[in-house]
1. If I go through the stretch 88-104 residue by residue, how many of them are under 19 Å from the mean Cα position of the chain (by Cα) and either open to solvent by 40 Å² or more (accessible area, probe 1.4 Å) or closer than 26 Å to residue 159 by Cβ (or both)?
2. Can you go through 84, 13 and tell me which one is assigned to a loop (DSSP other than H, G, I, E, B) and surrounded by fewer than 19 Cβ atoms within 10 Å (Cβ to Cβ)?
3. Look at residue 101 and say whether it is acidic (Asp, Glu), within 20 Å of residue 226 (Cβ to Cβ) and in contact (Cβ under 8 Å) with a residue 40 or more places away in the chain.
4. Given 280, 241, which one is in a helix (DSSP H, G or I), among the basic types (Lys, Arg) and within 24 Å of residue 18 (Cα to Cα)?
5. Just one of 49, 5 is closer than 20 Å to residue 284 by Cβ and modelled with pLDDT of 95 or more; which is it?
6. Which of the residues belonging to the stretch 16-37 are in a helix (DSSP H, G or I), out of contact with any Phe, Trp or Tyr (no Cβ under 8 Å at 6 or more places or on another chain) and open to solvent by less than 10 Å² (accessible area, probe 1.4 Å)?
Amino acid sequence: MPPVIFAHRGSSGTYAEHTRAAYLQALADGVDGVECDVHLSRDGQLVCIHDTTLERTTNGSGDVADHTVAELRMLDVAAWKGVGIPSAFGGADEQFLTLADLLTLLHDAGRPVRLAIELKHPSPFGLRLEEALIAFLMDEGWNPESSMLGGIEISFMSFNPDSIRQLAESAPHHMLCQLVADVEPQEVRDALRFGSIAEGALIAVLQRALKEGEELIDAQEVGIAGPGIEYVRDHPERIRRWIQEGMRVRAWTVNTEEDALFLADLGVQEMTSDYPARIRLALEGNRQ
């Protein structure tokens, strides 16, 4: 079986991440599935955005959680990428997506498709994020035993082991993905620019979460391990062991042919990429 390919935040190498254009391009690319990150807006709706703040990917500012969906829809979420959007993919005012919007796009694809939802933490709403997601999906007609919503197969991902444990109360084991990545203090420093005390405390929290996440995978309390490509390269024997023990491995973010072939050789079954069409071609070419 060829690896399953997920489009990371849509085909985000081509169009701005999490936009209507990125997801429509992913579907046009023929991906097996798409990945999205979710936060809660101020009015309690699930919205597709990676960061807790708006500055990097919109022309707005402040925390996502402090804005209503109506306010978020007024933001330009695509211009930062510097790429024109074909009219067929909607106007600039149609690019921001709630999770409900994304589900509509996937339903309209008219074919089976997988959706990997990452729950982002720390969240000002705590585990209410998980509760809101499950309640929303149930209202939409999601089947918690099969994890199907019409033709959409839904899996759940988080770096936060508490999030995974909360989701396990409702979602099936085989659709839970514990994300793991080694904690790099310099990366934390660069990304957050915290003072030394807060930085040290955050690093300790991340290291504890990583240890607990690895333990969840080792104990097979989840059905999917979600390592980053750097983690796989640093711990290939651990990845091989997980696969040999029956664990499904979903690696991120796989953007080069070299990485894709390395993972395929290890036996990794699923890959998430900003350039899903490129990765699919690389893997298909390797099988010929």
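1. Going residue by residue through the stretch 88-104, those that are under 19 Å from the mean Cα position of the chain (by Cα) are 95-104.
So of that shortlist, the ones also either open to solvent by 40 Å² or more (accessible area, probe 1.4 Å) or closer than 26 Å to residue 159 by Cβ (or both) come out as 96-104.
Residues that pass the stated criteria total 9.
2. Details: 13 fails: surrounded by fewer than 19 Cβ atoms within 10 Å (Cβ to Cβ).
Just a single option satisfies the conditions, and that option is 84.
3. On the way: acidic (Asp, Glu): yes; within 20 Å of residue 226 (Cβ to Cβ): no; in contact (Cβ under 8 Å) with a residue 40 or more places away in the chain: yes.
Taking the combined requirement at face value, the residue does not satisfy it.
4. On the way: 241 fails: within 24 Å of residue 18 (Cα to Cα).
Just a single option satisfies the conditions, and that option is 280.
5. Values: 49 fails: closer than 20 Å to residue 284 by Cβ.
5 is the lone residue from the list that is closer than 20 Å to residue 284 by Cβ and modelled with pLDDT of 95 or more.
6. As a first pass, look at the stretch 16-37 and keep what is in a helix (DSSP H, G or I): 20-28.
Next, from what is left, pick out any that are out of contact with any Phe, Trp or Tyr (no Cβ under 8 Å at 6 or more places or on another chain): 23, 26-28.
Listed by number, the residues that qualify are 23, 26.
Matching residues to (1) within 19 Å of residue 35 (Cα to Cα); (2) charged (D, E, K, R); (3) loosely packed, with under 14 Cβ neighbours inside 10 Å; (4) within 14 Å of the chain's Cα centre (by Cα):
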position	(1), (2), (3), (4)
109	yes, no, no, no
113	yes, no, no, no
129	yes, no, no, no
132	yes, no, no, no
141	no, no, yes, no
150	yes, no, no, no
160	yes, no, no, yes
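Matching residues to (1) within 23 Å of residue 236 (Cα to Cα); (2) at pLDDT below 80; (3) assigned to a loop (DSSP other than H, G, I, E, B):
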residue	(1), (2), (3)
153	no, no, no
156	no, no, no
162	no, no, no
169	no, no, yes
174	yes, no, no
177	yes, no, no
189	no, yes, no
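The values are calculated or read from the model by the stated rules, or taken from the named source; none is laboratory data. Keep in mind the model is a prediction, meaning the values are calculated, not measured. All Cβ positions, even for glycine, are placed from backbone atoms using ideal geometry, and neighbour counts span all protein chains on display. Protein only, heavy atoms only, side chains kept; ligands, DNA and RNA dropped before computing areas. Shrake-Rupley method; radii C 1.70, N 1.55, O 1.52, S 1.80 Å.
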